[in-house]
Structures are given as C-alpha cells and as structure tokens.
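Every number here is computed from the coordinates shown, using simple stated rules; none is lab data. All values derive from a computational prediction rather than experimental measurement. Every residue, glycine among them, receives a Cβ derived from its backbone with ideal geometry; neighbour counts consider all protein chains shown.
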C-alpha cells in the first residue's frame with residue numbers, strides 16, 4: 001500500500017507525532033497499533049462491542065476501532081501507554097494490578113481508560129455518589145472473559161477511593 | 001479443614017504475590033501474539049468455506065497470485081508433508097482436501113505485503129463447489145442409517161460410543177424400593193470460549209530451513225508435534241515460543257493458524273504474521289459440544305437414588321478434535337457426585353457438518369452437570385424434598401464408588417460444601433415498587449435498588465418480577481484421564497547474582513491468564529528459601545509441560561517445579577557437605593537441613609529452634625546448581641469399551657453454587673441478583689489468583705445459562721460476532737460471595753486440587769434452577785430464551801415427557 005496513504009498528525013499522549021502513508025481505510029486503532037508503534041489498545045472485536053480498544057480522543061473515551069484514522073487528524077489522543085509517568089504506575093493501573101483485576105489482561109487497557117475517565121469525572125464532580133451499581137453501568141461497555149468482573153470492581157473502588165473523591169458511598173453496595 | 005504445617009514464605013506458597021506480568025499488562029507493553037512484529041514480515045489471510053458440506057470441484061488461485069503485493073497462495077496441494085493433523089485422531093485437513101465439511105473450514109492461505117492485500121487476494125481465489133446436503137442433526141447422525149456419513153471412509157458418524165454399566169438399573173428387585181421416577185430430556189447449545197485475544201502468531205523462517213513460531217497456545221509441545229510432520233520437518237526444526245495469550249478456556253488446544261503461517265513463511269522465506277479478526281476467530285477454533293441428553297432417575301421415599309439411566313449425544317462437528325476425551329468425561333461423570341449402585345450411562349460423540357467442537361472449560365462435564373442437577377431438582381420436587389437435602393443424602397464422600405467402579409481416594413467433601421453454602425447470607429428481599437407507585441422509584445443514594453430484569457431503562461415496571469433461588473453442584477476430573485501420561489517438565493536453576501540467591505524456573509507451560517507464572521515463582525521461593533525467583537519465557541527449549549487444560553497446571557507443572565526444586569535443594573546440601581563438612585556434628589543429619597531466608601538451616605522454622613548454618617551465597621559461591629525434572633501423576637486406566645469400568649481419573653474437584661435471581665415472568669427476562677459459591681481446593685496456593693478463577697468460571701457458567709450460544713442452521717453459523725454472540729458484561733454479573741475449603745489431597749503437591757473448572761459446572765444449573773423456581777416452567781434447554789420463561793399462553797411450552 002506504499003504511496004497511497006495519508007499523513008496523520010496526532011498529539012499522542014501529549015506529544016506531537018506524525019505517521020506518513022497511513023492507508024485511508026485504517027481505523028484509529030489500526031493507525032495506533034501499526035503506524036505509531038502503540039499496540040496497547042487492543043484488537044479484540046474491532047466492532048465496537050468489547051471496549052478493549054478504548055482511547056481518549058480529545059478527552060472523550062472512544063472505541064478507536066470505530067474511528068477512522070483520518071477523523072482523528074490533529075486531535076489529542078491518549079492511550080494506555082500514556083497512563084504511567086516517571087513516578088511509576090498511575091493510581092488506576094496500580095489498583096488493577098493489586099486487586100487481581102488483571103488475568104490475561106487483553107481487556108485491561110480498555111478498562112483502564114474507562115476507569116481513568118470515571119476518576120476524572122469524579123474529581124471534576126460531574127459524577128457523584130459512585131457506588132457499585134453505577135460503576136457497573138459505567139463499565140458495561142467493556143467485556144472481560146477471565147475475571148467475572150468482581151476484582152475489576154475491587155480495583156475501581158480502590159482507584160476511586162481518592163481523597164479528592166466524595167467518599168460517602170464509594171464502595172457501598174447496600 | 002486441614003491444618004497447614006509448612007512455614008509460610010514471603011511471596012511463597014499460600015501468599016498472594018502480584019503477577020510478575022501485571023505491570024506490563026497495565027502499561028500496554030505486554031506483547032500479545034497479535035502485537036508481534038518482525039522486519040520484512042508479510043501478513044497471512046485464510047480463505048474459508050462458505051458451505052457446511054461441499055465437494056471442491058476446482059480451485060483457481062491464478063488471479064490472487066497475480067495481484068501486486070501477493071507473495072504466496074497455497075492450497076492443500078502445497079502442504080509440504082502430512083496433510084492432516086489432530087489432537088487425538090489426525091482427521092483434520094490443514095487445508096481442505098477435495099471436500100469441505102464445515103462452514104468456515106480453511107481452503108487456502110495467502111501471504112501478502114499487508115493485511116488488506118492478503119484479504120483481497122484470498123477473496124480473489126476462485127473455488128467451484130458442488131454443494132452437498134449437510135449432516136446437521138446429531139440424532140440423525142447417530143441413529144439414522146440413511147444419514148450421509150461426514151467422513152466417507154468411516155462406517156458411521158460416531159466418533160466414540162462409551163457406555164458405563166454398573167449394577168443393573170432394570171433389575172426387578174429394585175422396583176420395590178422406587179417411590180418416584182423422573183424421565184426428562186435436556187439440551188445444551190453450542191458455547192464459545194470467546195477469549196478476547198484473537199488467534200494470532202508470527203512464523204519466522206530459520207537459516208537451517210526450519211521455522212520459529214511465536215504463538216498464543218495452551219500446549220507448545222503438542223502444537224510442535226502436530227506441526228512438524230505437516231511441514232515435513234523434524235520436530236527440532238519447529239521451535240515454538242509462547243507469545244502473550246489473551247485468554248484460552250480450551251479454545252487454543254487445537255491448532256488454528258500455526259501450520260498456515262509456518263507454511264507461508266517457509267514458502268516465502270519471510271516472516272509471516274497471521275491475526276484473525278473476531279468473525280474469523282468464531283470459525284477458527286472449536287467450541288463446546290452441544291448436547292442432547294435423556295435422563296431417568298429413580299429414588300426411594302427418603303430421596304436416595306435407586307437407579308439412574310442417561311443417554312448423552314455430543315455434537316463433535318466435522319472433525320474429531322478432543323471429542324473422544326469429552327465423551328469419556330461425560331460418560332464417567334454422567335450422574336455427578338452422587339452415590340448410586342445401578343447405573344447405565346451411554347455417551348456418544350458424533351461427527352456432523354456443524355462447526356467442530358472440542359475443549360472448553362469443563363470439558364464434557366458441563367453438559368452432563370446441567371442434566372443431572374436438573375434431575376436432582378426434579379426428584380426433590382416429586383418427593384416434596386428440599387433441593388439441598390436431596391444432594392446431601394446422595395452426596396459422594398471419600399471412599400465412594402463412582403459408576404465407573406473408581407473409588408474416590410482422599411477427601412470428597414460435598415456434604416461439607418453444601419453445609420457451608422446454606423449458611424451464607426441471602427440478599428435482602430427485593431425492594432420493588434408498590435402497586436400504583438410511579439416507576440422508576442426515586443432512588444435513595446446509598447440504598448441498593450436491585451437492577452430490574454432487562455435493565456433500568458426499558459422494560460418492567462416491576463409487577464411481573466418474581467424472585468427464585470436455586471442450587472447446583474458439579475464434579476470435575478483434574479488432569480488428563482484414561483491412561484494418558486500428561487507429565488510436565490521443569491528446569492530450575494539456583495545461582496548467586498549480586499550477592500543474592502536467584503532461582504530461575506523454565507517450563508513450557510502456557511500462562512494463559514490464570515496466574516501460573518506467579519505460582520511457579522511462589523513454589524521456587526518456598527522450596528528454595530529465596531526471595532528472588534524468576535520465571536523464564538515458555539518455549540520448546542525445555543521438555544513438555546502438557547496443556548494448560550483440565551485444571552491441571554498447578555498440579556502438574558506445579559509438581560514439576562516442586563520436584564526440580566527438591567533436586568536443586570539436595571544438590572545444594574550436598575555442596576555444603578563437601579565444602580563445609582564441619583557445619584554439622586556427628587549426631588546431626590544433613591537430611592534435616594532446610595533452605596529459608598537465603599540460607600541453610602538445621603531444622604524447619606525459626607520458632608522450632610532452627611539453627612542458621614550457612615548463607616546460600618557462601619555455599620554456592622560461583623557454582624550454579626540446576627536440575628530438570630519430570631513430574632508424572634499416578635497412573636490411570638482406560639474405560640472398558642463395553643462396561644465403562646476403570647480407574648480413569650487422577651483427581652476430583654467439586655464446587656457448589658447458590659443463585660438468587662429476579663425474573664420478569666411476563667417478558668421472560670432474568671437478572672441474577674446474587675451468587676454464592678463454595679469450593680474445596682485442597683490447599684490455597686495463591687488466594688488472589690484462585691478467587692479470580694472461581695469468579696471467572698462462575699461468569700462463564702452464567703453465560704451458558706442465560707445468553708451464550710453459537711446459532712447454527714443447517715450447519716451455517718449465524719452469529720459470529722460479539723454483536724450477536726453475547727457474553728456476560730459487568731451488568732450481567734451479580735456480586736459473588738465465596739467460601740473456599742481446604743481438605744488436602746494426600747496424593748497431590750501441597751494437597752492442592754485443580755480449581756479452574758468446577759465453578760463453571762455448578763454455576764449454570766444453579767441459575768437455571770433459580771429461574772425455574774421463579775417462573776415455574778420446566779426450562780430444559782440452555783441458554784434460556786425469553787419465550788421459555790415467559791408465562792404467556794402458547795409460548796415456551798416445551799416438548800419432552802412430563803412424568804413417567
């Protein structure tokens with residue numbers, strides 16, 4: 001496909017990045033994985049059903065398999081590779097490891113992005129009173145085949161049990 | 001419950017150290033098989049049959065081969081060696097030979113510069129088919145002499161027929177004791193493993209004419225064993241390395257793209273990567289056998305089973321895969337963990353032109369479990385008994401004889417499991433709206449308002465919602481059965497690096513998500529008394545570990561690592577004896593030395609007055625101690641083909657579930673409110689991983705009960721996508737309360753019992769029983785459909801006999 005592709009410019013995990021020769025029919029997921037060297041977003045269904053390819057597109061979590069690469073031209077894209085910093089794993093990442101929410105881990109990058117979004121919304125007070133039922137609603141678009149989700153909930157409770165998050169009903173199930 | 005005697009070691013056996021691959025998995029750096037890349041690599045694509053049964057009249061690859069960017073187009077004529085393979089019988093063509101036998105069977109493969117070109121080239125291959133009538137009804141396949149044969153060279157469509165005969169259920173003197181007889185028919189649909197990481201791998205040709213394959217699989221050596229003859233290579237020229245595995249659940253036992261990518265790499269002399277998309281994945285691996293089962297249970301007035309009869313038909317699809325062994329499980333465990341002296345079980349595995357079926361978590365025991373547990377409920381209902389009580393009365397225990405004549409060695413604590421289960425707290429009563437109250441009711445923050453069946457948004461106002469409670473019990477064999485020696489091999493090395501002792505463990509065992517990689521290091525820490533243990537990548541440079549299947553890796557590879565560590569320990573002690581003979585006085589024995597905290601101690605445990613003798617760093621110095629050991633479980637025997645008698649299984653594991661459900665009896669929708677599970681695991685090796693297995697297994701059982709089915713019509717697969725094949729989401733899964741029992745098995749490493757599969761068995765019948773309790777309908781086919789549940793006249797009435 002050489003010579004037929006587009007030039008794609010993204011602000012990727014905070015850095016300006018360019019890929020040339022990206023085939024026009026490529027999804028954002030395909031572009032990230034095959035042209036920007038970021039395979040963290042996963043290719044489990046490529047139909048928008050499983051959430052394993054979730055990335056931030058201009059601050060909103062999206063299924064990157066459903067976004068054409070060209071639609072992301074010039075946009076800010078955040079992937080799982082951008083969650084950790086020099087100080088180490090983010091709170092959300094550490095919570096998933098510690099809680100045992102990672103088994104095969106194929107769904108994990110997608111969950112992490114959605115939970116990161118929840119965390120940001122909780123801090124911004126655009127959501128309050130996150131209890132288990134609401135966490136379940138929020139994560140209903142992400143499939144996991146290994147864990148039965150129980151330890152994912154544990155991880156989310158831990159990740160949201162942040163001093164800056166209203167604590168009253170966090171983790172309450174009854 | 002047994003008392004743990006070993007001294008706990010930091011991050012050793014019994015602890016819950018975190019996964020060594022956890023950080024890589026949360027940063028996106030963990031390399032799954034679909035993430036691999038090599039300089040100059042090509043992409044492979046597969047052309048698959050659109051028909052379940054057809055003769056191939058002609059294949060024309062010329063247009064595809066002529067396309068720019070296409071490097072190879074291969075058909076069965078291009079297979080370098082043997083043209084078929086298989087795990088038990090080698091009846092599966094690498095690429096279709098003259099005939100296709102299932103929808104999606106691989107016909108040709110292509111390698112091209114990029115995936116898009118490879119896919120377009122595959123579509124450009126012209127195949128002329130003569131379409132034949134498919135064999136899609138397993139009853140016909142089994143018993144209709146007029147049915148076409150799926151394999152023309154076979155006398156019938158039966159892969160395996162295995163009866164199990166014990167006593168005589170037709171004996172006249174039994175009839176006096178019989179108070180109730182229940183005969184019912186049950187059906188199980190075709191479940192898919194639906195692992196999230198699609199089949200994928202990277203084949204790299206080597207300078208010596210061989211191939212290196214990096215692949216997601218469950219058993220590297222059995223892949224190698226099947227691949228080498230087809231590639232016309234000696235096994236040592238086919239080397240495999242485990243790539244990151246995105247779940248397995250049995251679906252990676254059979255080969256998928258392994259030979260195809262290797263053929264293309266050998267032909268093009270370039271690395272070739274193949275990655276299935278989700279649709280192709282549904283065609284690219286075997287599924288769980290659909291089953292038709294007819295059961296008769298007779299019990300006396302006290303609820304004790306008098307006799308049982310079962311006929312199980314299991315649809316193996318077009319090729320044998322592991323159907324043989326699935327039949328063995330279904331037959332030998334056909335009436336479950338219950339004592340009964342007069343039993344006839346007949347299990348058939350069949351060839352049809354439906355998708356091939358083979359291994360999935362629970363492996364033949366799942367289908368039978370749904371039927372025998374439903375039967376236990378029916379018998380209880382007929383006698384007016386409590387469903388838990390009838391299970392307690394008939395429960396096996398240590399020393400019980402199974403219908404195969406096998407005596408259960410070691411604890412079989414089903415009664416204890418049930419007794420524990422009934423003590424677990426029930427959820428609060430449903431807080432549904434009062435009649436006339438506006439809906440949905442305003443929710444008080446912090447107060448749990450149960451998700452209604454069908455979700456918050458679009459269904460019931462609550463009037464037709466009824467609650468039900470159900471129980472399910474399951475028994476699963478652990479390790480391979482029927483005489484198979486599925487040994488495992490471990491190489492363990494102990495050396496000093498930077499002044500600290502380091503143990504490295506090398507096995508070929510596939511980490512598929514279950515946490516084996518964590519456990520191997522735990523065992524090394526415990527056995528060698530070191531803090532630092534690393535697990536090397538799994539590959540074929542070390543002996544076979546057997547499959548990550550049958551809940552067997554903790555037992556078998558765990559056993560191998562433990563045994564190799566013991567050999568290393570003995571050598572270390574021998575080294576110490578040679579270097580420092582003065583360490584012990586004449587009345588002390590070198591055999592009393594233990595390794596702990598990076599040192600040799602006389603006696604076990606500081607609390608018992610152990611004496612520090614020497615640091616490992618001083619004993620080893622620059623010496624490296626290494627040992628490779630195989631671990632074999634105790635021998636088992638085949639089932640007699642006529643009587644089904646034989647000590648066929650290594651170990652048994654049991655779990656029990658209670659399910660609480662809300663059912664909208666008008667719309668036929670189910671919401672599982674809570675599940676509770678009790679499982680005996682012999683010994684907890686890593687609680688965090690273990691809980692994850694029980695939770696995940698429960699979820700897959702819920703999926704089978706309520707939603708998961710590959711729909712086929714006349715052999716055609718109708719729903720190969722996550723849009724239409726539904727697996728449980730986080731909203732479908734209820735809170736799961738868990739109690740774990742430790743009745744140590746005297747014959748297994750650390751007393752452990754395999755744990756991954758039993759919860760998948762018992763979850764399903766518990767949920768179905770709860771739905772039955774709520775709606776009062778028979779529900780003899782799973783997954784349940786709304787029209788079976790809804791109390792609408794004329795809908796959901798099922799066939800089959802009522803009372804006999």
Discussion item. Translational diffusion coefficient of the protein assembly as shown at 37 °C, 0.692 mPa s, Stokes-Einstein with Kirkwood Rh over Cα pairs, in µm²/s as a whole number.
Written reply: 112
Response to the item:
To the nearest 0.05, the calculated FRET efficiency linking residue B:114 and residue B:721 through their beta-carbon distance, R0 being 25 Å, is 0.60
Worksheet entry | Number of partner chain Cβ atoms within 10 Å, mean per residue of A:22-32 | 1
Practice prompt. Output the Cα-based Rg and Dmax of the range B:132-274 in Å, rounding Rg to one decimal and Dmax to a whole number.
Written response: 23.3, 76
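Calculated FRET efficiency, residue B:140 and residue B:532, Cβ-Cβ r, R0 51 Å, to nearest 0.05?
Details: r = 61 Å, r/R0 = 1.20.
Between residue B:140 and residue B:532 the formula returns 0.25.
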Fill in: Listed peptides B:50-59, B:335-344 by packing density, highest first (mean Cβ within 10 Å)
B:335-344, B:50-59
Discussion item. Compute the helix-to-body angle for A:108-123: its Cα long axis versus the longest principal axis of chain A, expressed 0 to 90° and rounded to tens.
Written reply: 60
Worksheet, complete the sentence: Cα extents of chain B along the principal axes, largest first, in whole Å, come to 87, 73, 64
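Would you kindly work out the equivalent ellipsoid of the range A:6-81 from its C-alpha gyration tensor and give its semi-axes, the square roots of five times the eigenvalues, largest first in whole Å? Display every interim value, and only then the final one.
Numbers: eigenvalues 57, 37, 22 Å².
Ellipsoid half-lengths, sorted descending, are 17, 14, 11 Å.
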Worksheet entry | Label point at residue B:397 placed 7 Å out along Cα→Cβ; residues across the range B:465-488 whose backbone nitrogen lies under 16 Å | none
Worksheet item: Could you state the per residue volume, in Å³, of the convex hull enclosing the Cα atoms of chain A?
Response: 113
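Give me the inter-chain shielding for B:634-647: mean count of other chain Cβ atoms within 10 Å, whole number please.
Details: counts 0, 0, 0, 0, 0, 0, 0, 0, 0, 0, 0, 0, 0, 0.
If you average over the peptide's residues, the count of other-chain Cβ atoms is 0.
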Worksheet item: Where the centroid of each part is defined by its Cα atoms, how far is the range B:162-239 from the range B:87-149 in Å?
Response: 19
Fill in: Cα→Cβ-extended label distance, 7 Å offset, between residue B:426 and residue B:382, nm
2.7
Worksheet item: How far is it, in nm, from the label point at residue B:389 to the one at residue A:6 when both lie 7 Å from their Cα along the line to the Cβ?
Response: 7.1
Worksheet, complete the sentence: The relative contact order of chain B, taking Cα pairs under 8 Å that sit 6 or more residues apart, comes to a percentage of 16
Worksheet item: If packing is taken as the mean number of other Cβ atoms within 10 Å per residue, what is the order of B:166-175, B:413-422, highest first?
Response: B:413-422, B:166-175
Fill in: Residues in the range B:146-162 that a label on residue B:89 would reach, taking backbone N under 11 Å of a point 7 Å out along Cα→Cβ
B:150-161
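Between residue B:612 and residue B:747, what is the FRET efficiency for a Förster distance of 35 Å, r being their Cβ-Cβ separation, to the nearest 0.05? All intermediate terms of the calculation are to be shown ahead of the outcome.
Numbers: r = 34 Å, r/R0 = 0.97.
The formula returns an efficiency of 0.55 here.
Can you tell me which of B:705-718, B:654-667, B:135-148, A:12-25 comes out highest on packing, and rank the rest after it, using the mean Cβ neighbours within 10 Å?
So the peptides B:705-718, B:654-667, B:135-148, A:12-25, ranked by packing, come out B:654-667, B:705-718, B:135-148, A:12-25.
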Discussion item. Using the basic label-point model (7 angstrom from Cα toward the beta carbon), what is the residue B:582 to residue B:68 distance in nanometres?
Written reply: 8.3
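How well do other chains shield peptide B:243-254, expressed as the mean number of their Cβ atoms within 10 Å of each residue Cβ? Can you show the working numbers first?
Details: counts 0, 3, 3, 11, 9, 3, 3, 0, 0, 0, 0, 0.
Per-residue shielding by partner chains comes out at 3.
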Practice prompt. Relative to the compact-globule scaling 2.2 N^0.38 Å, provide the ratio for the alpha-carbon radius of gyration of the range A:91-160.
Written response: 1.00
Item to complete: Please find, in a Gaussian network model of chain A (springs between Cα atoms separated by less than 10 Å), the residue of A:69, A:140, A:41 whose mean-square fluctuation is greatest.
Response: A:140
